[in-house]
Amino acid sequence: MPEVTHSPETGEPETLLKLITKRGAMELDQEREGAWIEVIRKMDEVYSDLLRYEVDLEHKNAELEEAQAFVTNVIESVSDILIVCDAKGLVQQVNSAFQHTLGCSVADIVGKNIAEVIDVQDKAKLVPLLKPRSASDVVDGELRFSREGASSDLFAINASPRHDHRGRFIGVVLTGRPIGELRRAYEELHKAHHELQRAQRQLVEQEKMASLGRLVAGVAHELNNPISFVYGNVHTLMRYRTAIAAYLDAVHGEAKEGELAAERRSLRIDEILEDFGPLIEGTLEGAVRISEIVKNLRRLSFSKLGEVERVNIERLINTAVLWAVRTKQVRIDLQMEVEPELWVSGNEGQLHQVIVNLVENAIDAMRGTEAPRLVVSAVRKENEILFRISDNGPGIDKDHISHIFEPFFTTKRVGEGTGLGLWISYGIVREHGGELVAGYGPEGGATFSFALPAA
């Protein structure tokens, strides 16, 4: 590019026209002189354009260098590895993260085939990453790199294809980040999760065994009471049998009337006859109690709704509450709030058992209450019958309310309950289409409620 000259007098740039006309007079006619002047002017314009283009080009080059430096700086600052390969897999460019991974310089990597720095076991995984494909087809993979004879951590690789302005495949750009530590952490977490699951299973099994132990202790005591009562009654009946047999022998031995009277008094035959009724009733009561315990245990495994019928709620509640109160033999303020003509479909015997269990539990809870009050209500609410049994006892402990319906859970002492009553009642209510709920009364105490579809 020719340099621009300046006039020594004015210091301004000299044009081609001035340079030519300055070198002496040229003998030209007027027509030729005008043509030459026009040509020189055109050349001067072209010369000025060339100078302007040169300045613009220098600015463009400076901007391009800044942009290239910015891109290079960004690439070098990225923590993920970056590898640019051509269509044959030859490395064209890498960033410092990849150099650090392999522990070598750019000169040691650029120009080599990418397969040379891949771990031997992962070379087959490289093939799909380098295959020609469309611009939108990004392939993922996992690779290990060979580093001084050893394998690097596992890297998650994304392979993006490169295309020229004609759309031809010219290579790929591989980016990746190490996942070896993440995978090891995941494996440790997975192992810890399995250990936690195993510990949970052991705790569940231990809880099952503890629950079974509580069940066995409770059932053993529950069965021991009626069995002992039956055994005592039978032993007494055997003694009575001996006395009666001796008296009958005297009768059939044609003893005199005075002797029979004396034998009757000595063997206490009259007292024995009077005691027969209570003994038989007590024995039957013990047998019924044993049967009830066995039925409750069988219900844990065999839960069936049974025969379905229309049940009169007023009659059901009156009978169940009266039976439960008489069994407990306590004085309480009993309030019955039952709407007439309420009916549900279900098994009357099972629903009777639910009401009895809830009432008995309420009476037991109010054992230390000065003025025990029990409210039993049943009202119609749209298409459902809402049952509620409330007491003014101490209520349910917050730590117990979440376990109240679990099998074998009981707050009673051993021998006073097996922890099956509420569990069985909960199952019966669910079989009838409702849900038994425990809560707190507005004035203290506990409230158990459930709703069943109206018949």
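When all protein chains stay in place and ligands, DNA and RNA are ignored, the 1.4 Å accessible-area order of Phe229, Phe155, largest first, is Phe229, Phe155. Extension gain for Val173 to Glu443 (0.36 nm times residue separation, less C-alpha to C-alpha distance): 89.8 nm. Counting only heavy atoms of the protein chains and using a 1.4 Å probe, Lys112 has close to 90 Å² of accessible surface. Count Lys and Arg as plus one, Asp and Glu as minus one, and take only other residues whose Cβ is under 13 Å from that of Leu237; the net charge is then 0.
Per residue, the stretch 331-394 exposes 51 Å² of accessible surface when a 1.4 Å probe is rolled over the protein heavy atoms with every protein chain present. With K and R counted +1 and D and E -1, the other residues having a Cβ less than 13 Å from that of Phe155 yield a net charge of -2.
Computed packing ranks the peptides 339-351, 46-58 as 339-351, 46-58, most packed first, by mean other Cβ atoms within 10 Å.
What length, rounded to one decimal in nm, is gained on full extension from Asn61 through to Val234, with 0.36 nm per residue of separation minus their alpha-carbon distance? List each step's numbers first, then the result.
Details: separation 173, 0.36 × 173 = 62.28 nm, distance 11.79 nm.
Net length gain for the segment: 50.5 nm.
If the chain linking Tyr53 and Arg184 were pulled fully straight, counting 0.36 nm for each residue of separation and taking away their Cα-Cα distance, it would gain 41.1 nm. Bridging of Lys42 to aspartates and glutamates at a Cα separation below 16 Å is possible for Glu14, Glu33, once same-chain residues fewer than 8 apart are set aside. The alpha-carbon of Lys208 sits under 13 angstrom from the alpha-carbons of these aspartates and glutamates, leaving out residues fewer than 8 places away in its chain: Glu406. A simple spin-label model places the labels of Glu285 and Val330 1.8 nm from each other, with each point 7 Å out along Cα-to-Cβ. Per-residue Karplus couplings for the stretch 94-105, computed as 6.51 cos²θ - 1.76 cosθ + 1.60 with θ equal to phi - 60°, are listed in order as 9, 9, 5, 4, 6, 4, 5, 4, 8, x, 9, 8 Hz, Gly and Pro entered as x. Cross-linked pairs Lys125/Lys191; Lys88/Lys123; Lys123/Lys191: Cα-Cα separations exceed 19 Å for Lys125/Lys191; Lys123/Lys191.
The portion of the accessible surface of the stretch 312-401 made up by carbon and sulfur, rounded to a whole percent, is 45 (1.4 Å probe; DNA, RNA and ligands excluded). Computed from backbone phi with θ = phi - 60° and the Karplus coefficients 6.51, -1.76 and 1.60, the 3J(HN,Hα) list for the stretch 236-245 is 5, 4, 5, 5, 4, 4, 5, 5, 5, 4 Hz; x is used for glycine and proline.
Largest first, the residues Trp36, Trp323, Trp423 sort by 1.4 Å accessible area into Trp36, Trp323, Trp423. Rounded, prolate or oblate: which one fits the stretch 131-199, using the alpha carbon gyration tensor with axes a ≥ b ≥ c (rounded when a/c is under 1.5, else prolate when a/b beats b/c, else oblate)? Oblate, since a/c reaches 1.5 and b/c is not below a/b. For Ile118, the residues 5 or more places off, or on other chains, whose built amide H falls under 5 Å of its own are Ser146.
Amide H contacts under 5 Å for Arg373: Asp333, Asn392, restricted to partners 5 or more places along the chain or on a different chain, H placed in the peptide plane at 1.01 Å from N.
In the context of the full set of protein chains, residues of the stretch 68-148 present 57 Å² of accessible surface per residue (probe radius 1.4 Å, heavy atoms only).
Proximity of backbone amide H atoms, modeled 1.01 Å from N, is registered between Ile179 and Leu154, Phe155, Ala156 at under 5 Å, excluding neighbours fewer than 5 places apart on the same chain.
The values are calculated or read from the model by the stated rules, or taken from the named source; none is laboratory data. Everything numeric in this text was worked out from a predicted model, so none of it was measured. We place every Cβ from the backbone using ideal geometry, glycine too, and count neighbours over all the protein chains shown. Ligands, DNA and RNA are stripped out before the accessible areas are found, and what is left, the full protein with its side chains, is counted by its heavy atoms. Shrake-Rupley method; radii C 1.70, N 1.55, O 1.52, S 1.80 Å.
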